[in-house]
Amino acid sequence: MTFETERRTLLRMLGLGAAGAGLLRRPAFAQSSDKGGDAVTIGWPADVPAWDPNQRFTPDAQPIYKLVFDQPLGQNPALDLVPGLVTKWELAKDGLSLAVDLRDGVRFHNGDPMTADDFRYTFFERLKKPDRIDTKNSWRNVADVEVLSPVRAVMRFSAPAPTAPQWLAFLGSFVVPKAYMERVGVEAFQQKPAGTGPYRLADYQLNARIVLERNDDYWGMRPPLRRVTIEIIKDPSARMAAIQSGEIDLTINVPVREVVRLSREPGLAGEINPITRVILLQCRNDRGFADENVRLAAHHAINKDALSKAFYGGAAVPLPVVATPGTPAFLPDFKFSYDPALAKALLAKSGFGPDKPATITFASTNGHFPSDYDIARAIQQMWKSAGINAELETIDYSKYFELNRADKLPEATLYSWDNATGDPEIFAGYLLNPKMPFSAWKGMDVGAKVIELSGVADYGARVAGYKELNRYVVEHGATIPLLQSVQTLVRKNALSYEKFGNGWVLASTMKWG
Amino acid sequence: MMISAVLPLIGRRLLAAALILVAVSALLFIVLHALPVDPAAMSLPPNATLAEIDAKRQEMGLDRPLPQQYLIWLSQVAHGDFGASIHYRRSAVDLVAATLPATIELAVLAIVIAGALGIAGGLLLFHLRGTRAEPVADLGSIMLLSVPEFLWSLFFILVFGVALHWLPFTGRLDPDLRLPAGSGFLLADALIAGRPDIFWSALRHMILPCFALGIAFSPAIMRVLRSSLIDIYLEDYIHMARLRGVDERRILLRHALKNAFLPALSLMGVQFGFLFGGTLLVEVIFSYPGLGNLMVDAVRNADLPIIQLVGLTYCAVVLTINTAVDSLHLLLNPKLRLG
């Protein structure tokens, strides 16, 4: 083979390569220029588990379900309950019934009218069927749903249900069409779902893409955008690349430092928004944490401001209680100081000191929420300085339940908890209820208070009770709240959306310009 | 005659494969059930009580001894029931069947790319032997070998997706196109449906992930091919060909490469198993809706029925490919048929 032949071959190959690149390039540009002003492409970190909104409670899926289906009640950006498919509601004083007025003239995407029969089917009849749906658990106390007229119904409970209105706006509580579902069956419904929401499902590719088209007959405010494409992009690096390349217009859950970097890119805007998610230490009430002084010392030794600055750019608000600012049972005037000297004094009171440190075990997830393991390591160092030796181990989120059931959780576990409603029962009432799978604290001093509060129907008395509980559990070291978590978001500058306190990013509120 | 030589091998391999699959299923079952995760708790919503979780555990049979649980599972499998996904609440078989074609398509194209790059690179390395460029080429192949597929993925996304905008890097199709109904093998479905736009879009979406997978596996093929060629060039028949006046290109392509390719083919068979496993990360990075993506979700959600079935599927694919490669080896190498 001569040099001349090789050169010619090389030139031929380069020519072919350039032509190939040109061919590849054209459609890629065509794709980005095709986007009109009435469409948006979103990069979302998780798919919906199924197109049956009652089936599985997955927080990441709720903003998607809310585009196709409607809930009886909604929440405004400040998280107050607002009318949805239900226009008026009244919880009985004993908490044993909830009367609702349904919106008239609402139709499902298949044309069926939405009536009280659909409400009864969703919140009562479906729960009695063999369908494997999570709403069976959330509405386990529903004894009946009495239909008074096509637009009036009464939910009756077997035990007081003080948070029933909140649950009507929470996980999985979406009204589904009785007649259609019974006619086609659940599997066929999942293939072609019909809700009453602002968008209808146009195309779905498992773990890849959801395409929604605007429901022009929607009963509520008409969404500004005609078409919403949701690309399921699970890897944060790929989401960052996709927003940077212009393949998508908005994405969430990218690392904090990347939000700062991407904000400097022309045409992009980054946000770090505090939401109703708490990061806390779930504590045991025995072993190395049997002594209240040790638990309180562990809390006083943690510099929450430093954690926020180091891992969330200072955007995560340090929390004194297990509730986020602006929610009903938050205590704005209650403080729990970062005081390493006091931590040492408390340890000394219990006989621990530099020569005899307190010893505990400590667990953290790694990658379950942003910077979780790094936060745990920082806390481990803070404790060491105060005189607490913590042996840190990594656990999967799913392992938490098994360890808790087997009574094998360590003294402290770093944990993250979402509560889109902001209601105190779904904060402390769940996290510290020994009858639920989350609570590492098994002491009935706290347990009795929580269980009693779960039966209080009067809203004012209930919130007052949880405020008292929030103070009590921190003052006795039953929990160590750390930070209000943040949601990171990167979007094109020209795209705006309505910001919700619980981190919902709803395409129905998005618009260009 | 050649086919009749291969059939007994396939028969023996199928029998062995069945036994291996049963052994692997037992191993997977034991390992998965020894993990300290609670599938019952994972399958219920956050507000489920401890009593409800215990009831669920009984319903799922998790309170029974492990051997009994395995036998129940095995008898259900014999009836084609691999259980339902905890996360998706759908039949595990349906989910795997829906995602497997995407992964097979990806892996096959990737091994073709790996083979093409490997053969071209092997020939180049062989061509450069003894020259001053040899150490540089050697170093290049070692560098290629040392970069894992997920790094190639990120590199390709940054260069060809973000910087140059040449190729898409999420999903299987452009957003304005709909998947055609069919087998799930998108390229074939598009051709059958007479949709060149879908075929072209699907191919463009496959280029980056397939190259990320293929390029990571090509250096080993290059190096094996180069070594084989060096060995074969010492054989008498090569000298005889030269003495007969056959030109070098013909000696290489007609005589040496055919024989030197056999070890590379065996290697490609072994590598296909690794490559198939490598799709796991690559699919997540490229948001490619295949088996790997499903597996990552399953691990995250402690979705044991899916993990078990995907594990068995990986095993079955590797066994099938090994059998196919051995059969091909037998067809291509007359010496093996004599034995």
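Check region B:35-48 and report whether any residue there is assigned to a helix (DSSP H, G or I) and within 31 Å of the chain's Cα centre (by Cα).
Let us first name the residues in region B:35-48 that are assigned to a helix (DSSP H, G or I), namely B:39-42.
Checking the rest, the ones that are also within 31 Å of the chain's Cα centre (by Cα) come to B:39, B:42.
Yes, region B:35-48 has at least one match.
Do the conditions hold for A:Asn389, that is, is it open to solvent by 10 Å² or more (accessible area, probe 1.4 Å) and assigned to a loop (DSSP other than H, G, I, E, B)? For A:Asn389, the condition - open to solvent by 10 Å² or more (accessible area, probe 1.4 Å) and assigned to a loop (DSSP other than H, G, I, E, B) - is not met.
Every residue, every condition in (1) open to solvent by 30 Å² or more (accessible area, probe 1.4 Å); (2) of a type in the set (D, E, K, R), yes or no:
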| residue | (1), (2) |
| --- | --- |
| A:Arg471 | yes, yes |
| A:Gly477 | no, no |
| A:Val486 | no, no |
| A:Arg491 | yes, yes |
| A:Phe500 | no, no |
| A:Trp504 | no, no |
| A:Thr509 | yes, no |
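Considering (1) within 13 Å of chain A (Cβ to nearest Cβ); (2) out of contact with any Ser or Thr (no Cβ under 7 Å at 6 or more places or on another chain); (3) part of a helix (DSSP H, G or I), the lone condition that B:Leu179 does not fulfil carries the number (3). Of the set (1) buried (at least 21 other Cβ atoms within 10 Å of the Cβ); (2) in contact (Cβ under 8 Å) with a residue 60 or more places away in the chain, all apply to B:Met295 but (2).
Taking the conditions exactly as written (within 11 Å of another protein chain (Cβ to nearest Cβ) and among the polar types (S, T, N, Q)), does B:Ser25 satisfy them or not? Considered against the rule, which asks whether it is within 11 Å of another protein chain (Cβ to nearest Cβ) and among the polar types (S, T, N, Q), B:Ser25 comes out as no.
Every listed requirement among (1) more than 9 Å from chain B (Cβ to nearest Cβ); (2) touching a Ser or Thr at 6+ places or on another chain (Cβ under 8 Å) is met by A:Arg209 save one, (1).
For B:Phe82, indicate whether it is more than 14 Å from chain A (Cβ to nearest Cβ), in a loop (DSSP other than H, G, I, E, B), in contact (Cβ under 8 Å) with a residue 12 or more places away in the chain and surrounded by 13 or more Cβ atoms within 10 Å (Cβ to Cβ).
yes
The residues of region A:381-408 that are within 14 Å of chain B (Cβ to nearest Cβ) and in contact with a strand residue (DSSP E or B) (Cβ under 7 Å, 6 or more places away or on another chain), listed by number, are A:Glu393, A:Thr394, A:Ile395, A:Tyr400. Inspection of region B:10-32 identifies no residue that is assigned to a loop (DSSP other than H, G, I, E, B), in contact with a helix residue (DSSP H, G or I) (Cβ under 9 Å, 6 or more places away or on another chain) and surrounded by 17 or more Cβ atoms within 10 Å (Cβ to Cβ). The condition (being among the hydroxyl-bearing types (Ser, Thr, Tyr) and within 17 Å of A:Met382 (Cα to Cα)) is satisfied by just one residue among A:Ser350, A:Ser364: A:Ser364.
Which ones in region B:243-279 are open to solvent by 50 Å² or more (accessible area, probe 1.4 Å) and within 14 Å of chain A (Cβ to nearest Cβ)?
Looking only at region B:243-279, we keep the residues that are open to solvent by 50 Å² or more (accessible area, probe 1.4 Å), and these are B:243-245, B:247-250, B:253-255, B:258-259, B:261, B:263, B:270, B:274.
Answer for region B:243-279, where residues must be open to solvent by 50 Å² or more (accessible area, probe 1.4 Å) and within 14 Å of chain A (Cβ to nearest Cβ): B:Asp247, B:Glu248, B:Arg249, B:Arg250, B:Leu253.
Of the residues A:Asn54, A:Asn76, which is open to solvent by 20 Å² or more (accessible area, probe 1.4 Å), more than 8 Å from chain B (Cβ to nearest Cβ) and modelled with pLDDT of 95 or more?
Working: A:Asn54 fails: open to solvent by 20 Å² or more (accessible area, probe 1.4 Å).
When all the criteria are applied, what remains is A:Asn76.
Summed over region B:56-73, residues that are within 11 Å of chain A (Cβ to nearest Cβ) and either open to solvent by 40 Å² or more (accessible area, probe 1.4 Å) or touching a Ser or Thr at 6+ places or on another chain (Cβ under 8 Å) (or both) total 3.
Given the residues B:Arg129, B:Arg172, which is the only one that is open to solvent by 70 Å² or more (accessible area, probe 1.4 Å) and outside any helix (DSSP H, G or I)? Quick ask: steps written out before the conclusion?
Details: B:Arg172 fails: open to solvent by 70 Å² or more (accessible area, probe 1.4 Å).
None of the other options fit; the residue is B:Arg129.
Let me confirm something: among B:Leu275, B:Leu319, B:Leu312, B:Leu331, which residue is over 19 Å from A:Leu206 (Cα atoms), touching a residue at least 12 places away in the same chain (Cβ under 8 Å) and more than 17 Å from the chain's Cα centre (by Cα)? None of the others qualify; the one that does is B:Leu331. Condition check: away from chain B (no Cβ under 12 Å) and free of Cβ contacts under 8 Å to residues at least 60 places away in the same chain. Does A:Met444 satisfy that? Considered against the rule, which asks whether it is away from chain B (no Cβ under 12 Å) and free of Cβ contacts under 8 Å to residues at least 60 places away in the same chain, A:Met444 comes out as yes. Restricting region A:134-159 to residues that are outside any loop (DSSP other than H, G, I, E, B) and among the acidic types (Asp, Glu) leaves a set whose member that is nearest to A:Leu102 (Cα to Cα) is A:Glu146.
Give region A:212-224 a look and list any residue that's away from chain B (no Cβ under 14 Å) and not acidic (Asp, Glu), or say none.
Looking only at region A:212-224, we keep the residues that are away from chain B (no Cβ under 14 Å), and these are A:214-224.
Selection gives A:Arg214, A:Asn215, A:Tyr218, A:Trp219, A:Gly220, A:Met221, A:Arg222, A:Pro223, A:Pro224.
Tell me, please, whether a residue that is crowded, with 21+ Cβ neighbours inside 10 Å, among the charged types (D, E, K, R) and not in a loop (DSSP other than H, G, I, E, B) can be found in region A:281-289. No; the residues of region A:281-289 include none that is crowded, with 21+ Cβ neighbours inside 10 Å, among the charged types (D, E, K, R) and not in a loop (DSSP other than H, G, I, E, B). Residues in region A:57-73 that are open to solvent by 20 Å² or more (accessible area, probe 1.4 Å) and under 19 Å from A:Tyr199 (Cβ atoms): A:Thr58, A:Asp60, A:Lys66. If I ask for residues that are over 21 Å from B:Ile307 (Cβ atoms) and either more than 7 Å from every other protein chain (Cβ to nearest Cβ) or touching a residue at least 60 places away in the same chain (Cβ under 8 Å) (or both), which ones from region B:31-55 would you list? If the condition is that a residue be over 21 Å from B:Ile307 (Cβ atoms) and either more than 7 Å from every other protein chain (Cβ to nearest Cβ) or touching a residue at least 60 places away in the same chain (Cβ under 8 Å) (or both), then B:Ala51, B:Asp54, B:Ala55 are the ones that fit. Just one of the listed residues (B:Leu144, B:Leu139, B:Leu187, B:Leu117) is more than 9 Å from chain A (Cβ to nearest Cβ), open to solvent by 70 Å² or more (accessible area, probe 1.4 Å) and part of a helix (DSSP H, G or I), namely B:Leu139. Filtered by the rule that a residue be in contact (Cβ under 8 Å) with a residue 40 or more places away in the chain, open to solvent by 10 Å² or more (accessible area, probe 1.4 Å) and under 10 Å from A:Ala46 (Cα atoms), region A:232-245 gives a lone residue, A:Lys234. For residues that are away from chain B (no Cβ under 13 Å) and not in a loop (DSSP other than H, G, I, E, B), scanning just region A:229-257, find the one that is nearest to A:Ile210 (Cα to Cα). It comes out as A:Leu250.
Residues checked against (1) in contact with a Leu (Cβ under 8 Å, 6 or more places away or on another chain); (2) of a type in the set (D, E, K, R); (3) open to solvent by 20 Å² or more (accessible area, probe 1.4 Å); (4) within 12 Å of another protein chain (Cβ to nearest Cβ):
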| residue | (1), (2), (3), (4) |
| --- | --- |
| B:Pro148 | no, no, yes, no |
| B:Leu154 | no, no, yes, yes |
| B:Ala163 | no, no, yes, yes |
| B:Gly194 | no, no, yes, no |
| B:Gly214 | yes, no, no, no |
| B:Ala220 | yes, no, yes, no |
| B:Ile230 | no, no, yes, no |
| B:Met240 | no, no, yes, no |
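Scanning region A:113-136 for residues that are among the basic types (Lys, Arg), closer than 21 Å to A:Pro49 by Cβ and in contact (Cβ under 8 Å) with a residue 24 or more places away in the chain returns A:Arg126, A:Arg132.
The values are calculated or read from the model by the stated rules, or taken from the named source; none is laboratory data. No experiment lies behind these values; they were computed from the predicted model shown. Cβ sites come from the backbone with ideal geometry, for glycine too, and all protein chains shown count toward neighbours. We work out accessible area using only protein heavy atoms, side chains counted, and drop any ligands, DNA or RNA first. Shrake-Rupley method; radii C 1.70, N 1.55, O 1.52, S 1.80 Å.
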